[in-house]
Number of protein chains: 2
Amino acid sequence: MSETQLRALVVDDERAIRRFLRTSLTANGYVVFEATNGGEALEAVVRDRPDVMILDLGLPDMDGTQVTARLREWSHIPIIVLSVRDQEGDKIAALDAGADDYLTKPFGVGELMARMRVVLRRVAHPEPEPVFATRDLVVDLARRLVRVRGHEVQLTPTEYDLLRVLVTHAGKVLTHQQLLRQVWGLGYEGESHLLRVNISNLRQKIERNSARPEYIITEPGVGYRLRLEI
Amino acid sequence: MSETQLRALVVDDERAIRRFLRTSLTANGYVVFEATNGGEALEAVVRDRPDVMILDLGLPDMDGTQVTARLREWSHIPIIVLSVRDQEGDKIAALDAGADDYLTKPFGVGELMARMRVVLRRVAHPEPEPVFATRDLVVDLARRLVRVRGHEVQLTPTEYDLLRVLVTHAGKVLTHQQLLRQVWGLGYEGESHLLRVNISNLRQKIERNSARPEYIITEPGVGYRLRLEI
DNA sequence: CGCCATCTTGACACAATATTGACGCCTTTT
DNA sequence: AAAAGGCGTCAATATTGTGTCAAGATGGCG
């Protein structure tokens, strides 16, 4: 077992439930952090670096499944979803969005603790940095913000997805196929003109001179990669 | 997505439940194996090499939790426990014994499939990366990166393919024919000048002095090989 | 219904790569 | 020692891949 205490993030808008979970978790040796809505939850993952997240489905600002999906864009943190809803559809949606478990309220504390042990016992993946930064390019994956040379850049959803994939594999060559699959989904493997147009648009927005790209480098015949070195 | 079908082992002593699970799993693209008791289950894991196991708690010869514990002595196969018992103590015992999830009967097939996807997606992830390295030449086949003496080298698609073939048969002599077939495809067996030009270009990029190659060695009259020894 | 932003498609200029041919060197053979 | 064949390099041309622009299609939203 690890020497240092494990860190748990509790996300629930009800004060009573947060209190109850804090008490139970603290008694079981966790350090507890709290968030009351989806936005705060994403920030807290960045700030507090929890090892596990306990997420209520019904949040005021966004759906718990949405929070899960957003988080899975850049984090592998184990997520246990709690919900009063026992509908199969909700469970499937949350689990397929990336949640690791789904518990229906009311539940026993012992069961929750056992399920936390299950998700925690798998070897921790090295977590990628929630904020990527090289030279003058900053990509805040948690907030979906992109800043170049001090200025915030407005990207379309496709452009952002493309940049996100490049950034989460920074330095590595991504083939046309890989990029098309990860951004457009299966069945777009051949549509390389989509990639060309969007890479071009992205470069217009983040490169100083798109004819001499500093960040998005073409690997002719293969794909693209985000350059890390100077 | 994986090309080959995933293999599921169903362990239950009730014929009706095995039938039901076989139908559902087959419909979802799994290859299904069956066992009716704990002893058979352990044998089946060895013999059938399933990717995931669905285990009923109430077995005639030994308890499902025992099966889980025995299995965990040597296997990491994901285990989803099914049970009619909704007692918290049973759940905790099974999960702590090494089960990955616990579903109480009756359950929806959709939920079972979603939970199977959850346990399978983490097993699918850790993929060993084939990286070839010898002295000062590193070829990362997964990322398509080539580094020589600390510097990354830009190769054209043909040059990379050629190097890839040499590297995957490192140390062995590859005939002109073999190389032409593997890089250019069938019908190019006679075009050995293609090979000469590309070997030359490749040497310019990776050898210190292409007149005295250290890596790509000519076997006169036969072909080329990638040298392993110093 | 029409506006807006975004996505997709097609056309074209330009860049990178592949192929070909020419030539000289080296090794082996006679 | 000369000839022949295999090999390596260079440079030219052919082919393919890539970047950009702009027009048309799509879809969300008031």
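The values are calculated or read from the model by the stated rules, or taken from the named source; none is laboratory data. In this text the structure is predicted, and so the values were computed from the model without any measurement. With ideal geometry, Cβ positions are generated from the backbone for all residues, glycine too; neighbour counts draw on all protein chains shown.
Answer with yes or no whether B:L180 is away from DNA strand C (no atom under 16 Å from the Cβ) and either within 14 Å of another protein chain (Cβ to nearest Cβ) or not β-branched (V, I, T) (or both). Break it down stepwise before answering.
On the way: away from DNA strand C (no atom under 16 Å from the Cβ): no; either within 14 Å of another protein chain (Cβ to nearest Cβ) or not β-branched (V, I, T) (or both): yes.
The answer is no for B:L180.
All but one of (1) farther than 21 Å from B:L141 by Cα; (2) within 13 Å of DNA strand D (Cβ to nearest atom); (3) touching a Ser or Thr at 6+ places or on another chain (Cβ under 9 Å) hold for A:R212; state the number of the condition that does not hold.
(3)
Filter segment B:160-219 down to the residues that are in a loop (DSSP other than H, G, I, E, B), of a type outside the set (S, T, N, Q) and under 24 Å from B:R135 (Cβ atoms) and list them by number. Quick ask: steps written out before the conclusion?
Initially, segment B:160-219 is screened for residues in a loop (DSSP other than H, G, I, E, B), giving B:169-173, B:185-191, B:207-215.
From what is left, the residues that are of a type outside the set (S, T, N, Q) are B:169-173, B:185-191, B:207-208, B:211-215.
B:H169, B:A170, B:G171, B:K172, B:V173, B:E207, B:R208, B:A211, B:R212, B:P213, B:E214, B:Y215 - these are the residues of segment B:160-219 that are in a loop (DSSP other than H, G, I, E, B), of a type outside the set (S, T, N, Q) and under 24 Å from B:R135 (Cβ atoms).
Can you go through A:V197, A:V173, A:V148 and tell me which one is more than 14 Å from every other protein chain (Cβ to nearest Cβ) and under 27 Å from A:S75 (Cβ atoms)? Before you say what the answer is, go through the steps one by one.
Values: A:V197 fails: under 27 Å from A:S75 (Cβ atoms); A:V173 fails: more than 14 Å from every other protein chain (Cβ to nearest Cβ).
Matching residue, one of A:V197, A:V173, A:V148: A:V148.
Evaluate segment B:33-48: report whether one residue or more is closer than 19 Å to B:L6 by Cα, touching a helix residue (DSSP H, G or I) at 6+ places or on another chain (Cβ under 7 Å), more than 12 Å from chain A (Cβ to nearest Cβ) and part of a loop (DSSP other than H, G, I, E, B).
No, segment B:33-48 contains no residue that is closer than 19 Å to B:L6 by Cα, touching a helix residue (DSSP H, G or I) at 6+ places or on another chain (Cβ under 7 Å), more than 12 Å from chain A (Cβ to nearest Cβ) and part of a loop (DSSP other than H, G, I, E, B).
Does A:E219 fit the bill of being within 13 Å of DNA strand C (Cβ to nearest atom) and more than 14 Å from chain B (Cβ to nearest Cβ)?
Details: within 13 Å of DNA strand C (Cβ to nearest atom): yes; more than 14 Å from chain B (Cβ to nearest Cβ): no.
It is false that A:E219 is within 13 Å of DNA strand C (Cβ to nearest atom) and more than 14 Å from chain B (Cβ to nearest Cβ).
Identify the residue in segment B:2-24 that is closer than 21 Å to B:T65 by Cα and not hydrophobic (A, V, I, L, M, F, W, C) and, among all such residues, is surrounded by the most Cβ atoms within 10 Å (Cβ to Cβ). It would help to see each step written out before you state the result.
Residues of segment B:2-24 closer than 21 Å to B:T65 by Cα: B:8-15, B:17-18, B:21.
Okay, now just the ones that are also not hydrophobic (A, V, I, L, M, F, W, C), so B:12-15, B:18.
Numbers: B:D12: 24, B:D13: 16, B:E14: 11, B:R15: 10, B:R18: 19.
Looking at the filtered set, the residue picked out is B:D12.
Can you pull out every residue in segment B:50-72 that is more than 15 Å from B:R18 (Cβ to Cβ) and touching a Pro at 6+ places or on another chain (Cβ under 8 Å)?
Passing the criteria: B:D51, B:V52.
Report, by residue number, each residue of segment B:145-185 that is more than 28 Å from the chain's Cα centre (by Cα) and either at positive phi or outside the structural domain of B:G221 (by TED's automatic domain parsing) (or both).
B:R149, B:G150
What's the number of the only condition in (1) within 14 Å of another protein chain (Cβ to nearest Cβ); (2) closer than 26 Å to A:E229 by Cβ that B:A133 fails to meet?
All conditions pass for B:A133, except number (1).
Which of (1) more than 22 Å from the chain's Cα centre (by Cα); (2) surrounded by fewer than 15 Cβ atoms within 10 Å (Cβ to Cβ); (3) farther than 15 Å from A:L103 by Cα does B:V109 not meet, given it meets every other one?
Result: B:V109 fails condition (2) only.
Taking segment B:186-210 as the search range and keeping residues that are of a type in the set (A, V, I, L, M) and either within 9 Å of DNA strand C (Cβ to nearest atom) or outside the structural domain of B:H151 (by TED's automatic domain parsing) (or both), which one is surrounded by the fewest Cβ atoms within 10 Å (Cβ to Cβ)?
Initial filter on segment B:186-210 (of a type in the set (A, V, I, L, M)): B:186, B:194-195, B:197, B:199, B:202, B:206.
Retained after the next criterion (residues that are either within 9 Å of DNA strand C (Cβ to nearest atom) or outside the structural domain of B:H151 (by TED's automatic domain parsing) (or both)): B:194, B:197.
Working: B:L194: 17, B:V197: 11.
Filtering segment B:186-210 for residues that are of a type in the set (A, V, I, L, M) and either within 9 Å of DNA strand C (Cβ to nearest atom) or outside the structural domain of B:H151 (by TED's automatic domain parsing) (or both), the one surrounded by the fewest Cβ atoms within 10 Å (Cβ to Cβ) comes out as B:V197.
Of all residues in segment B:18-62, which are over 27 Å from the mean Cα position of the chain (by Cα) and within 22 Å of B:L95 (Cα to Cα)?
Once the filter is applied, which keeps residues that are over 27 Å from the mean Cα position of the chain (by Cα) and within 22 Å of B:L95 (Cα to Cα), segment B:18-62 yields B:T36, B:N37, B:G38, B:G39, B:D56, B:L57, B:G58, B:L59, B:P60, B:D61, B:M62.
So which of B:T156, B:T168 ends up being within 12 Å of chain A (Cβ to nearest Cβ), farther than 30 Å from B:V67 by Cα and surrounded by 15 or more Cβ atoms within 10 Å (Cβ to Cβ)? First the steps, then the outcome.
Numbers: B:T168 fails: within 12 Å of chain A (Cβ to nearest Cβ).
Criteria check complete, one pass: B:T156.
Mind counting the residues in segment B:174-226 that are touching a Pro at 6+ places or on another chain (Cβ under 8 Å) and in contact (Cβ under 8 Å) with a residue 12 or more places away in the chain? Don't jump to the end; show me each part of the working.
Initial filter on segment B:174-226 (touching a Pro at 6+ places or on another chain (Cβ under 8 Å)): B:203, B:207.
Adding the requirement that they be in contact (Cβ under 8 Å) with a residue 12 or more places away in the chain leaves B:203.
Here the count works out to 1.
Do we have B:L155 as in a strand (DSSP E or B), in contact with a helix residue (DSSP H, G or I) (Cβ under 8 Å, 6 or more places away or on another chain) and modelled with pLDDT of 85 or more here? Please lay out each step first, then the result.
Values: in a strand (DSSP E or B): no; in contact with a helix residue (DSSP H, G or I) (Cβ under 8 Å, 6 or more places away or on another chain): yes; modelled with pLDDT of 85 or more: yes.
Spelling it out, it is not the case that B:L155 is in a strand (DSSP E or B), in contact with a helix residue (DSSP H, G or I) (Cβ under 8 Å, 6 or more places away or on another chain) and modelled with pLDDT of 85 or more.
A:E43 - would you say it is surrounded by fewer than 20 Cβ atoms within 10 Å (Cβ to Cβ) and in contact (Cβ under 8 Å) with a residue 40 or more places away in the chain?
Answer is yes for this residue.
Which of the residues spanning segment B:217-230 are more than 8 Å from DNA strand D (Cβ to nearest atom) and touching a strand residue (DSSP E or B) at 6+ places or on another chain (Cβ under 7 Å)? Break it down stepwise before answering.
Filtering segment B:217-230 down to residues more than 8 Å from DNA strand D (Cβ to nearest atom) leaves B:217, B:225-230.
Of everything in segment B:217-230, those that are more than 8 Å from DNA strand D (Cβ to nearest atom) and touching a strand residue (DSSP E or B) at 6+ places or on another chain (Cβ under 7 Å) turn out to be B:I217, B:R225, B:L226, B:R227, B:L228.
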